[in-house]
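J.: The structure is given below, and queries will be raised subsequently.
The values are calculated or read from the model by the stated rules, or taken from the named source; none is laboratory data. Since this is a predicted model, take the numbers as computed values, not measurements. Here Cβ is always computed from backbone atoms with ideal geometry, including for glycine, and neighbour counts include all displayed protein chains.
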Amino acid sequence: MSSSHYREIAESILQGRKTATAIAPVSADFPQLSIDDAYQIQSIVNQRRLDEGGRVVGYKIGLTSEAVQQQLGVDQPDYGVLFADMEVLSGESVDCSGLIAPKAEGEIGFCFKEDLDKENLTFMELLSAIDYFFPVIEIVDSVVADWKIGIVDTIADNASSALYMPGKRIFSPQGVDFEALAVAIHSNNECVASGRGSACLGSPLLSAYWLAKKLIELSTPIRKGQIVLSGALAPMVSLIPGQQYSFRFEGLDEISLNAE
């Protein structure tokens with residue numbers, strides 16, 4: 001793929017996002033696209049946000065469910081970049097009119113108290129670098145019509161990230177069984193999805209470890225104070241304007257979201 005093709009695809013994604021208008025799958029128009037190509041496109045898309053004053057605050061991990069990986073024919077997760085203007089405070093309303101087909105996921109986020117830039121980073125070094133963790137809702141939204149995505153479609157579109165809503169409480173990671181952490185998602189007081197940390201690459205910690213090593217390889221390591229959204233604990237749910245959603249993280253926090 002040429003750089004001109006990268007820019008062409010990036011521009012179509014940016015325009016779709018700007019106008020909240022879905023586009024055709026990138027993979028359909030450019031079947032030769034590789035995963036590396038898709039990350040090149042993501043970089044162009046995100047550089048535009050930086051040029052317009054955006055500030056990177058962390059990363060999100062996607063495709064952490066084995067079932068979703070099998071559905072898309074891949075054997076690895078993916079990642080995208082979080083910008084400061086993507087944060088929505090707990091209890092605030094989410095305006096769906098500027099989004100295309102938003103869905104929400106219950107996740108565990110981590111904040112780090114030191115740079116994760118050591119070569120051959122060990123799992124124990126990752127653990128010691130965690131400042132705190134927090135329950136969080138990630139609002140994902142695909143620029144591709146009807147979510148008919150493949151791996152390159154979602155990567156190019158910044159891993160389908162849109163917004164994130166952290167809870168109001170933070171927690172020490174000491175002694176926590178992250179595999180057992182549970183979330184139940186309610187819509188209008190009816191449970192519509194539930195799951196546990198084991199659904200996220202076996203554990204949210206393992207998901208964060210995968211990303212930390214990946215970013216070290218790319219010479220763009222996670223920095224002190226940055227956050228990582230480690231991936232969904234339960235199936236994502238569609239956001240319908242006019243409905244209220246409650247993400248109940250067992251023993252931790254409850255985060256409310258109003259869709260408008």
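J.: Exactly one of (1) outside any helix (DSSP H, G or I); (2) within 28 Å of SER256 (Cα to Cα); (3) in contact (Cβ under 8 Å) with a residue 12 or more places away in the chain is unmet by SER198. Its number?
T.: (1)
J.: Among residues belonging to segment 236-245 that are assigned to a loop (DSSP other than H, G, I, E, B) and within 19 Å of the chain's Cα centre (by Cα), point out the one that is modelled with the lowest pLDDT.
T.: Filtering segment 236-245 for residues that are assigned to a loop (DSSP other than H, G, I, E, B) and within 19 Å of the chain's Cα centre (by Cα), the one modelled with the lowest pLDDT comes out as MET236.
J.: Let me ask something additional. Out of the residues in segment 92-102 meeting the condition of being of a type outside the set (Val, Ile, Thr) and under 17 Å from the mean Cα position of the chain (by Cα), tell me which one is surrounded by the fewest Cβ atoms within 10 Å (Cβ to Cβ).
T.: Selected residue: ALA101.
J.: Just name the residue that is surrounded by the most Cβ atoms within 10 Å (Cβ to Cβ) out of those in segment 225-259 that are over 28 Å from LEU99 (Cα atoms) and touching a strand residue (DSSP E or B) at 6+ places or on another chain (Cβ under 6 Å).
T.: Ranking the qualifying residues of segment 225-259, first place goes to LEU252.
One line per residue, one yes/no per condition, for (1) over 18 Å from PRO204 (Cα atoms); (2) modelled with pLDDT of 95 or more:
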| site | (1), (2) |
| --- | --- |
| GLN226 | no, yes |
| SER230 | no, yes |
| ALA234 | no, no |
| PHE247 | no, yes |
| GLU254 | yes, yes |
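J.: Looking for something surrounded by 21 or more Cβ atoms within 10 Å (Cβ to Cβ) and small (Gly, Ala, Ser) - is there at least one such residue anywhere in segment 2-22?
T.: Taking every residue of segment 2-22 in turn, at least one turns out to be surrounded by 21 or more Cβ atoms within 10 Å (Cβ to Cβ) and small (Gly, Ala, Ser).
J.: Just give me the residues in segment 203-224 being outside any helix (DSSP H, G or I) and either modelled with pLDDT of 95 or more or β-branched (Val, Ile, Thr) (or both), in sequence order.
T.: SER203, THR220, PRO221, ILE222, ARG223, LYS224
J.: Please enumerate the residues belonging to segment 126-141 that are surrounded by 24 or more Cβ atoms within 10 Å (Cβ to Cβ) and small (Gly, Ala, Ser).
T.: The answer is none; no residue qualifies.
J.: Among the listed residues ALA212, ALA193, identify the single one that is under 18 Å from ILE137 (Cβ atoms), in contact (Cβ under 8 Å) with a residue 40 or more places away in the chain and not polar (S, T, N, Q).
T.: Result: ALA193 is the single residue among ALA212, ALA193 that is under 18 Å from ILE137 (Cβ atoms), in contact (Cβ under 8 Å) with a residue 40 or more places away in the chain and not polar (S, T, N, Q).
J.: Quick test of your reading of the structure: ASP115 fulfils all but one of (1) charged (D, E, K, R); (2) touching a Pro at 6+ places or on another chain (Cβ under 8 Å); (3) within 23 Å of ILE13 (Cβ to Cβ); (4) exposed (fewer than 15 other Cβ atoms within 10 Å of the Cβ). Name the failing condition by number.
T.: (3)
J.: Within segment 162-188, work out how many residues are in contact (Cβ under 8 Å) with a residue 12 or more places away in the chain and over 23 Å from SER65 (Cβ atoms).
T.: Looking only at that region, the number is 6.
J.: Would you confirm, using the coordinates I've provided, whether ILE155 is within 26 Å of ILE44 (Cβ to Cβ), among the aliphatic types (A, V, I, L, M) and assigned to a loop (DSSP other than H, G, I, E, B)?
T.: In short, no.
J.: Which members of segment 32-65 meet the condition of being touching a residue at least 40 places away in the same chain (Cβ under 8 Å) and either surrounded by fewer than 19 Cβ atoms within 10 Å (Cβ to Cβ) or part of a strand (DSSP E or B) (or both)?
T.: Result: SER34, ILE35, TYR39, ASN46, VAL56, VAL57, GLY58, TYR59, LYS60, ILE61, GLY62.
J.: What is the residue count in segment 1-29 for residues that are touching a helix residue (DSSP H, G or I) at 6+ places or on another chain (Cβ under 7 Å) and in contact (Cβ under 8 Å) with a residue 40 or more places away in the chain?
T.: Here the count works out to 10.
J.: Kindly indicate the residue of segment 146-204 that is surrounded by fewer than 19 Cβ atoms within 10 Å (Cβ to Cβ) and acidic (Asp, Glu) and also nearest to ILE13 (Cα to Cα) among those meeting that condition.
T.: Among residues in segment 146-204 that are surrounded by fewer than 19 Cβ atoms within 10 Å (Cβ to Cβ) and acidic (Asp, Glu), the one nearest to ILE13 (Cα to Cα) is ASP146.
J.: Here is a further query. Of the residues GLU105, GLU138, only one is under 16 Å from the mean Cα position of the chain (by Cα), in a strand (DSSP E or B) and closer than 21 Å to GLN70 by Cα; which?
T.: GLU105
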